[in-house]
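Shown next, in structure tokens, is the structure this report addresses.
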Amino acid sequence: MFGYRSNVPKVRLTTDRLVVRLVYDRDAFRLAEYYAQNRVFLKPWEPIRDESHCYPSGWQARLSMINELHKQGGAYYFALLDPDEKEICGVANFSNVVRGAFHACYLGYSLGEKWQGKGLMFEALTSALRYMQRTQNIHRIMANYMPHNNRSGNLLARLGFEKEGYAKNYLLIDGQWQDHVLTALTTKDWTPGR
């Protein structure tokens, strides 16, 4: 009404085949559709999701919290969309952002079944990682994967992530505690106050 402005950052990155941008309120229908279409495919790789993950109403509430995290700089949730921004192909989330003496976060991601094997996640993450390192000044980005998830392990190695350890019973995935390989990507030329 009187020049209302949102403090939510507007981040829109483009690659050769994708638009990689922060999610916002109007993505509720697209996110619900992405998770509904890929429910069975993603099930072995994710925590158990409740029904609200497949409905726009569930995402409207979730997006309100995500936008607050965006405002505070505590997390950055990206949608990977086709060039016309009609369909979500995947997601990439940089969560638990810590500044101070750490300047670090965790990376999580998924790609829809029909988009697999085309190099799209590598393309999207190359752009999103650059944004997190250069614009958000993150020094350490951690990403962990289950040892039997060869695709994820290969993707992270290709992006420059280095193995740092192994955690037994690390995350509750599909109702079972799963071991994870711990990896990290650090910004070699990091300087404070960029």
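The values are calculated or read from the model by the stated rules, or taken from the named source; none is laboratory data. Treat the numbers as computed from the prediction; the structure is a model and nothing was measured. Reconstructed Cβ throughout: ideal geometry from the backbone, glycine too, with neighbour counts over all protein chains shown. Each accessible area value is taken on the protein alone, full model and side chains, heavy atoms only, with ligands, DNA and RNA left out. Shrake-Rupley method; radii C 1.70, N 1.55, O 1.52, S 1.80 Å.
Points worth noting:
- Long hydrophobic helices in the chain, taken as whole DSSP H segments with a C-alpha length of 15 Å or more on their own axis and mean Kyte-Doolittle hydropathy at least -1.0: 56-72, 120-134.
- Sorted on the mean count of surrounding Cβ atoms within 10 Å across their residues, most packed first, peptides 36-47, 167-178 read 36-47, 167-178.
- Cβ-placed point charges (K, R +1; D, E -1), dipole of the chain about Cα centre in debye, nearest 20: 540
- Beta bridges per DSSP with both ends in the chain, % antiparallel, nearest 5: 90
- Taking every DSSP helix (H) stretch of at least 4 residues in the chain, weighting each as -39,500 (n - 2.57) and dividing the sum by the residue count yields a mean residue ellipticity at 222 nm of -8500 deg cm²/dmol.
- Cβ-defined net charge surrounding Thr187, 9 Å radius [Lys, Arg +1; Asp, Glu -1]: +2
- Within the accessible area of the chain (1.4 Å probe), percent carbon and sulfur: 52
- Protection proxy ranking, highest mean first, for peptides 101-109, 81-89: 101-109, 81-89, where packing is the per-residue count of other beta-carbon atoms within 10 Å, averaged.
- Largest to smallest principal axis extent of the C-alpha atoms in the range 10-184, angstrom: 38, 35, 30
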